[in-house]
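Below is one structure, written out as structure tokens; comments come after it.
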Amino acid sequence: MILSMTGFGRSEGVFDGKKITIDLKSLNSKSFDLNIKMPLRYKEKEFDIRKILNDKILRGKVDCFINMESLTDSSDVSINKDLVKSYMEELKKISSDGPDFEYLKMAIRFPEAISTRPDELNENEWIFLSGLLNEALEKFDQFRKTEGDTLQEELKRNLRSIESSLSQVIPFESERMDGVKERYRKTLNEFDNIDETRFYQEMAYFTEKLDISEEKVRLSQHLKYYLEVMNDEDFNGKKLGFISQEIGREINTLGSKANHAEIQKLVVKMKDDLEKIKEQTLNVL
């Protein structure tokens, strides 16, 4: 089964007057590369969030955005008015020349004049946040599956195209070898005093070097193996990448031995299809 490394998932919910939104996005990468942006309030749970994402996503360049928006008018900042007034009165006793505003600017700098409500993450909020994270991951996985189904159809289409081109090579094989042998015979007739036994030995050796039977068999086997791994194994992107390299080697060898214009055209078409397969394989998880 194919899963794409491209993914997207979003979840959102409201907890204690705060709207929390989580976005997950990923692109292809050779390893797991995670970037997280979150409010300072949740920083203490960054390690746990990273572990959850690493265990579920496995591979890809991933961006995780956690956003928090307050839905209430309440402020986390409070001014201790009585204490500020006391500070101002004490300052006036020391010097009564300045305006009240100057005393106020000095008073609010003193200890405990301004206090902030503790911004600590409690267990209930963490449970709610981790639930949102798992919900985003479920949508993210579904996106990867949908993209993977499309990717799998494209891969199959290009594999079938290579198989078709390979089957079209067969009618040209005997024609190709007959042409090689005929050129050798003409060469033999153009010269005198040639050791015919040695000449035919060389021709047999050269003909054997041009034989593409093994390349055709191996290429066909690699194409079948690619399909098997794609259909039967999970998280198979790297393995499919290795198989596509082997497919490329056989196509290149077939092209170097072709010695026939029509076969070369088919080899070029196979290379074009293989490039598409390689590009698509890079996006397979």
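A few comments on the model shown:
- In region 29-57, the residues that are in contact (Cβ under 8 Å) with a residue 60 or more places away in the chain and surrounded by 13 or more Cβ atoms within 10 Å (Cβ to Cβ): Arg41, Tyr42, Lys45, Asp48, Ile49, Ile52, Leu53, Lys56, Ile57
- In region 266-283, the residues that are within 15 Å of Arg157 (Cβ to Cβ) and in contact (Cβ under 8 Å) with a residue 24 or more places away in the chain: Lys269, Met270, Asp273, Leu274, Lys276, Ile277, Lys278, Gln280, Thr281
- Of the residues in region 158-165, at least one is closer than 29 Å to Val62 by Cα and at pLDDT 95 or above.
- Cβ-Cβ contacts under 8 Å between residues 6 or more apart (or on different chains), taken from a first residue in region 104-126 that is of a type in the set (Val, Ile, Thr) to a second residue that is modelled with pLDDT under 75, are listed as Ile108/Ile114; Ile114/Val77; Ile114/Ser78; Thr116/Asp76; Thr116/Val77; Thr116/Ser78.
Okay, residues lined up against (1) assigned to a loop (DSSP other than H, G, I, E, B); (2) in contact with a strand residue (DSSP E or B) (Cβ under 9 Å, 6 or more places away or on another chain):
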position: Glu102; (1), (2): no, no
position: Arg109; (1), (2): yes, no
position: Asn134; (1), (2): no, yes
position: Gln142; (1), (2): no, yes
position: Ile162; (1), (2): no, no
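- Test: residue in region 94-102 that is surrounded by 13 or more Cβ atoms within 10 Å (Cβ to Cβ), without any contact (Cβ under 8 Å) to a residue 12 or more places away in the chain and charged (D, E, K, R): yes
- Flag if Ser70 is farther than 16 Å from Leu132 by Cβ and modelled with pLDDT under 90: yes
- Residue in region 29-42 that is assigned to a strand (DSSP E or B) and either assigned by TED's automatic domain parsing to the domain that holds Leu151 or closer than 30 Å to Lys156 by Cβ (or both) present: yes
- Of everything in region 223-248 that is farther than 20 Å from Lys30 by Cβ and loosely packed, with under 14 Cβ neighbours inside 10 Å, the residue that is farthest from the chain's Cα centre (by Cα) is Lys224.
- In the set Lys257, Lys271, only one residue is under 15 Å from Glu163 (Cα atoms) and not hydrophobic (A, V, I, L, M, F, W, C); that residue is Lys271.
The values are calculated or read from the model by the stated rules, or taken from the named source; none is laboratory data. The structure presented is a predicted model; accordingly, all values stated were derived computationally and were not measured. With ideal geometry, Cβ positions are generated from the backbone for all residues, glycine too; neighbour counts draw on all protein chains shown.
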